[in-house]
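Here's the structure, in structure tokens; my notes come after.
Only the coordinates and a few stated rules stand behind these numbers; no lab work does. Keep in mind the model is a prediction, meaning the values are calculated, not measured. Ideal geometry is used to build each Cβ from the backbone, glycine not excepted, and the neighbour counts take in all protein chains shown.
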Amino acid sequence: MQLRNLRRVVLASLLLVGCRTAAEERDRREVLATFQGFFDWIETGEPARADATVLPEAAFANVRQTDGKAEVRHFTMAGSLARRPTDTRALRESIVGEPTVLIDGDIATVWCNYEFHVDGKLSHTGIDSFSLFRTPAGWRVAGGAYSILEARP
């Protein structure tokens, strides 16, 4: 009798672990889809894509080495939305390799290598580190930081 109960407890535990893993995988896919949606906005400049993927108050920073010194630049999503329609260059950002995605409840982080192309040519590479929150409308980018490494000719 005790062995049968132990088997039931073990089976129930395994089922719960399997469900949690499925939910975690669903969240991971949704986080990455939102992150990709942000890249899609960079490419298209369509405000509706920004609305669907980024919180209006999102803030960003990047760092690049210039003459051996780190230069840090801060900007907001509002500023990016204002500048994007006037930028006529063809922009494309893409993830390189497998991103690291950490999720705990309603907060997520995506860390990945990326490539950035301007007018079809590699402009730079670097690391993206972005934070996302789960909102009633789904996952949204809350902000991010990234490095800029100049492409070598």
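Tabulated data for the structure shown
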{"read-out": "Choice from T125, T53, T88 showing the highest fluctuation, given a GNM over the chain with Cα pairs closer than 10 Å", "value": "T88"}
{"read-out": "Size of charge dipole - the chain - debye, nearest 20, with Cβ of Lys, Arg +1 and Asp, Glu -1, no other charges", "value": "560 debye"}
{"read-out": "Cα shape, the chain, gyration tensor, a/c 1.5 rule", "value": "prolate"}
{"read-out": "The chain: most fluctuating residue of A50, A22, A58 per GNM, C-alpha cutoff 10 Å", "value": "A22"}
{"read-out": "Length-normalised contact order of the chain in % [C-alpha pairs under 8 Å, at least 6 apart]", "value": "21 percent"}
{"read-out": "Computed helical MRE - 222 nm, the chain, DSSP H runs ≥ 4 contributing -39500 (n - 2.57), nearest 500", "value": "-12500 deg cm²/dmol"}
{"read-out": "For I107, residues with placed amide H under 5 Å, excluding near neighbours", "value": "R134"}
{"read-out": "Radius 10 Å from Cβ of F39, net charge of other residues (Lys, Arg +1; Asp, Glu -1)", "value": "-2"}
{"read-out": "The range 23-77 and the range 125-139: distance between their alpha carbon centers, rounded to Å", "value": "7 Å"}
